[in-house]
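Student: Would you mind keeping the following structure in view while I ask a few things?
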Amino acid sequence: MNKMNLSKGNVNVKARYLTIPDAKSYYNLGRDSIMRLAKESNALLRVGRLVRIDATKLDNYINVVCVEK
């Protein structure tokens, strides 16, 4: 699978899965908004206490659902 090179603001991550703080910086949204969008898009990954967001799924969801028409 191809890895994304995400660079926006202070976040320069070459990963498919983002931590909550990285996702907040990249999308310029608060924690609650990131978590809500991640749950709606099925992009939330939990393993025990570890929480990651699948950036590919979240980007696709935002592009399809959240972009103004």
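The values are calculated or read from the model by the stated rules, or taken from the named source; none is laboratory data. Not measured: the values here are computed from a predicted model. Note that each Cβ is placed from the backbone with ideal geometry, even for glycine, and that neighbours are counted across all protein chains shown. Note: areas computed on protein heavy atoms with side chains; ligands, DNA, RNA excluded. Shrake-Rupley method; radii C 1.70, N 1.55, O 1.52, S 1.80 Å.
Student: Collect the residues in the range 13-45 that are open to solvent by less than 60 Å² (accessible area, probe 1.4 Å) and of a type in the set (Gly, Ala, Ser), keeping them in residue-number order.
Tutor: The answer is 15, 23, 30, 33, 38, 41, 43.
Student: Of the residues in the range 46-64, how many are surrounded by 14 or more Cβ atoms within 10 Å (Cβ to Cβ) and not in a helix (DSSP H, G or I)?
Tutor: 4
Student: Identify the residue in the range 1-44 that is of a type in the set (D, E, K, R) and not in a helix (DSSP H, G or I) and, among all such residues, is modelled with the lowest pLDDT. Before you say what the answer is, go through the steps one by one.
Tutor: Initial filter on the range 1-44 (of a type in the set (D, E, K, R)): 3, 8, 14, 16, 22, 24, 31-32, 36, 39-40.
Okay, now just the ones that are also not in a helix (DSSP H, G or I), so 3, 8, 14, 16.
Working: 3: 49, 8: 54, 14: 66, 16: 88.
For the range 1-44, the residue satisfying everything is 3.
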